[in-house]
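These notes concern the structure reproduced below.
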Amino acid sequence: MNGGSIVAKILSEHKVRYIFTVCGGHISPILSESKKNGIRIIDVRHEVNAVFAADAVSRLTGVPGVAVVTAGPGVTNSVTALINAKMAQSPLMLIGGASATVLRGRGALQDIDQVSLIRSAVKDVFTVKKNCDFIPALESAFASAVSGVPGPVFIECPIDLLYDEKLVRQWYGVKSAGGDEHTLRDRITNWYLNRHLDKIYACDLDTMTHSPLPLTKPLFQSTAPEQAARMIDKSKQALLIVGSQALSSPEFAPGLVEAISTMDIPVYLTGMARGLMGNNHGLQFHHKRSNALAEADLVILAGEPCDFRLNYGRSINPRAKTIAINRSKHELTLNRRPSLAVHGDPAEFLIACARLIKTGYNRDAWKRVLAGREKERDKEIKQLADKKTEYINPLLLLEKMNSVIDETAFMVADGGDFVATASYILRPGRPLTWLDPGVFGTLGVGAGFAMGAKVVRPDADVWLIWGDGAAGYGLMEFDTLVRHGIPVIAVIGNDAGWTQIARDQVEYLKDDVATNLRYADYHGVAESFGAKGFVIDSDDKIDPVLKQAVEISRNGTPVLINAFIGKTAFRKGSISV
């Protein structure tokens with residue numbers, strides 16, 4: 001059993017079903033042995049997309065997704081996706097190759113100090129220095145990724161520890177004692193290499209035993225649910241904000257829905273929590289959140305910190321009481337100290353709290369106020385969607401998409417202006433059916449996220465909502481989607497520009513420098529790889545193309561729809577910095 005086979009064995013035992021990768025000599029044994037263990041190997045065209053795909057698997061299943069990349073550039077190409085996962089609190093695992101142990105610092109191919117480079121981008125780093133380290137490193141990595149505040153971890157595996165010991169000794173040219181050694185230098189070198197290899201191959205992997213390490217998460221104080229329940233019962237205009245962290249343990253989603261319904265509190269869902277309440281739940285609201293926060297007398301932040309998304313806490317009524325529930329102690333009190341700080345899992349806490357809720361105030365009047373604003377904003381959107389623009393109106397396109405996308409479908413959001421508009425119109429139908437980059441706001445997540453979502457849920461439609469700028473980061477992955485039979489539907493809102501940036505830049509600086517693109521034939525790129533491409537450049541083409549796209553994708557072919565859209569004032573005044 002070599003190092004590659006022990007990695008594959010541990011991954012398999014931890015229910016890892018997919019590895020996303022770009023091939024490399026430093027990591028070949030991991031890929032080969034994992035394939036033998038029944039793990040599906042999906043080779044992509046850029047390492048960053050391998051990590052994005054692993055991230056999607058992590059978020060949707062709660063089991064760390066795995067990307068395996070080669071040494072040097074393979075690792076450095078992964079950094080943006082790792083930081084995105086860290087800020088989104090996604091528990092993925094990156095396994096990186098490294099130069100041979102004996103050649104470190106000697107000018108070996110792709111030999112850099114990877115650990116120092118990547119340490120700030122991940123939650124934890126593990127380095128394999130001898131074959132005895134594989135099992136403890138992997139077990140510790142799995143536990144670290146999921147425990148506490150979830151996050152990505154990195155495991156560095158030198159090439160000489162992944163291949164068979166006998167082969168590695170041949171590579172090093174090591175001779176047995178008493179062999180043909182012509183000079184004193186040869187004898188010393190041979191002695192040193194033999195001693196080094198004896199040390200790094202100190203363990204018999206076939207006889208090593210192991211067991212998964214326990215997973216840990218912060219446990220809230222037993223009195224906290226009762227305190228929160230009393231605050232809720234006294235509140236006339238309570239408001240609940242549910243963030244992505246509340247879905248860190250996907251198995252709690254049904255109980256969380258029931259708890260919110262029991263508490264009878266109006267709720268706004270953000271990030272991965274979108275879709276939690278379905279399409280038409282009476283407690284869920286989408287529009288005018290700032291108005292609601294400014295008027296609420298109690299705001300509950302479930303896995304949502306007071307960062308820029310809540311204007312650093314200034315969006316909340318300064319006289320309102322606040323309850324913050326978060327796995328992170330830092331995020332609990334970020335920018336605003338809550339009336340009640342609960343260090344624990346948001347979903348588990350809300351479920352416990354709901355059991356203690358009494359009759360409390362009737363909030364029908366409060367809900368009618370919010371519902372009235374909701375209805376008015378939907379009416380405004382409808383009116384804006386009916387306005388004529390150059391090519392097609394993006395709001396009209398998104399409304400028609402919303403009528404075609406069924407409640408079991410997944411939506412992946414990757415872009416600026418077009419995707420921000422989509423977030424107001426598209427309505428995920430079930431929990432864990434919306435993927436966006438998270439707080440880091442990274443462009444380019446789309447191809448990897450869509451790939452990961454589709455392999456996890458092969459029977460569901462996966463819609464990738466792409467800005468034309470963001471699409472440039474991942475178009476090559478249509479080759480991957482075709483080769484591996486991953487039939488997603490991508491819709492590019494092509495307005496020939498970086499419109500989210502241009503809105504502010506032109507307004508404030510009177511200059512559109514670096515914000516212009518062109519109405520490029522993106523569909524042709526997809527078709528060149530064997531996918532199906534469509535162009536929508538007029539209103540009458542929207543419905544038939546969307547219906548064809550669904551049918552074609554369900555028959556196994558990826559689809560890219562290049563939708564030429566005009567510009568609207570829908571997001572005028574939005575802040576993009």
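The values are calculated or read from the model by the stated rules, or taken from the named source; none is laboratory data. For clarity, every value in this text was computed on a predicted model and none was experimentally measured. When we count neighbours, we look across all protein chains shown, and the Cβ atoms used for this are built from the backbone with ideal geometry, even at glycine.
The set of residues from the stretch 19-43 being of a type in the set (Val, Ile, Thr) and either under 18 Å from Pro458 (Cα atoms) or not in a loop (DSSP other than H, G, I, E, B) (or both) comprises Ile19, Thr21, Ile30, Ile39, Ile41, Ile42.
In the stretch 480-495, the residue that is surrounded by the most Cβ atoms within 10 Å (Cβ to Cβ) out of those that are in contact with a Gly (Cβ under 8 Å, 6 or more places away or on another chain) and under 14 Å from Ala450 (Cα atoms) is Ala490. For the stretch 354-404, filtering for residues that are under 30 Å from Asn562 (Cα atoms) and part of a helix (DSSP H, G or I) leaves 20. Within the stretch 111-133, the residues that satisfy the criterion of being of a type outside the set (Val, Ile, Thr), modelled with pLDDT of 95 or more and surrounded by 15 or more Cβ atoms within 10 Å (Cβ to Cβ) are Ala121, Lys123, Asp124, Phe126.
Can you tell me which condition Asp55 does not meet? The list is (1) within 20 Å of Val22 (Cα to Cα); (2) in contact with a Pro (Cβ under 7 Å, 6 or more places away or on another chain); (3) buried (at least 24 other Cβ atoms within 10 Å of the Cβ), and all the others hold. Condition (2) is where Asp55 drops out. For the stretch 316-334, the candidate set comprises residues that are hydrophobic (A, V, I, L, M, F, W, C) and in contact (Cβ under 8 Å) with a residue 40 or more places away in the chain; within that set, the residue that is nearest to Ser290 (Cα to Cα) is Ile323. Scanning the stretch 335-379 for residues that are more than 22 Å from Ser290 (Cα to Cα), in contact with a helix residue (DSSP H, G or I) (Cβ under 8 Å, 6 or more places away or on another chain) and polar (S, T, N, Q) yields a single hit, Thr359.
Which count do you get for residues in the stretch 190-210 that are free of Cβ contacts under 8 Å to residues at least 24 places away in the same chain and within 23 Å of Phe142 (Cα to Cα)?
Here is the first cut: in the stretch 190-210, the ones free of Cβ contacts under 8 Å to residues at least 24 places away in the same chain are 190-192, 194-195, 198, 204, 207, 209.
Still in the running and within 23 Å of Phe142 (Cα to Cα): 204, 207, 209.
Counting residues in the stretch 190-210 that are free of Cβ contacts under 8 Å to residues at least 24 places away in the same chain and within 23 Å of Phe142 (Cα to Cα) gives 3.
Out of all the residues in the stretch 338-366, which are at pLDDT 95 or above and among the charged types (D, E, K, R)? Selection gives Asp345, Glu348. Taken over the stretch 258-272, the criterion of being buried (at least 18 other Cβ atoms within 10 Å of the Cβ), in contact (Cβ under 8 Å) with a residue 60 or more places away in the chain and closer than 23 Å to Arg355 by Cβ is satisfied by Ala259, Ile260, Met263, Asp264, Ile265, Pro266.
If only one of Val535, Val482, Val491, Val513 is among the β-branched types (Val, Ile, Thr), in the same structural domain as Gly446 (by TED's automatic domain parsing) and in a helix (DSSP H, G or I), which one is it? Even if it seems obvious, please write down each step before you answer.
Working: Val535 fails: in a helix (DSSP H, G or I); Val491 fails: in a helix (DSSP H, G or I); Val513 fails: in a helix (DSSP H, G or I).
Result: Val482 is the single residue among Val535, Val482, Val491, Val513 that is among the β-branched types (Val, Ile, Thr), in the same structural domain as Gly446 (by TED's automatic domain parsing) and in a helix (DSSP H, G or I).
Look at (1) out of contact with any helix residue (DSSP H, G or I) (no Cβ under 6 Å at 6 or more places or on another chain); (2) under 21 Å from Asp297 (Cα atoms) and you find that Lys388 fails only one, number (2).
Name the strands (runs of 3 or more DSSP E) wholly within the stretch 216-330 that hold at least 1 residues that are at pLDDT 95 or above, among the small types (Gly, Ala, Ser) and out of contact with any Pro (no Cβ under 6 Å at 6 or more places or on another chain)? Spell out how you get there, then give the answer.
Working: elements: 238-242, 267-269, 298-302, 321-326.
Here the list reads 238-242.
Of all residues in the stretch 384-411, those that are over 25 Å from Lys454 (Cβ atoms) have Cβ atoms under 7 Å from Cβ atoms of residues that are of a type in the set (Lys, Arg), 6 or more apart or on another chain, in Thr389/Lys567; Asn393/Lys387.
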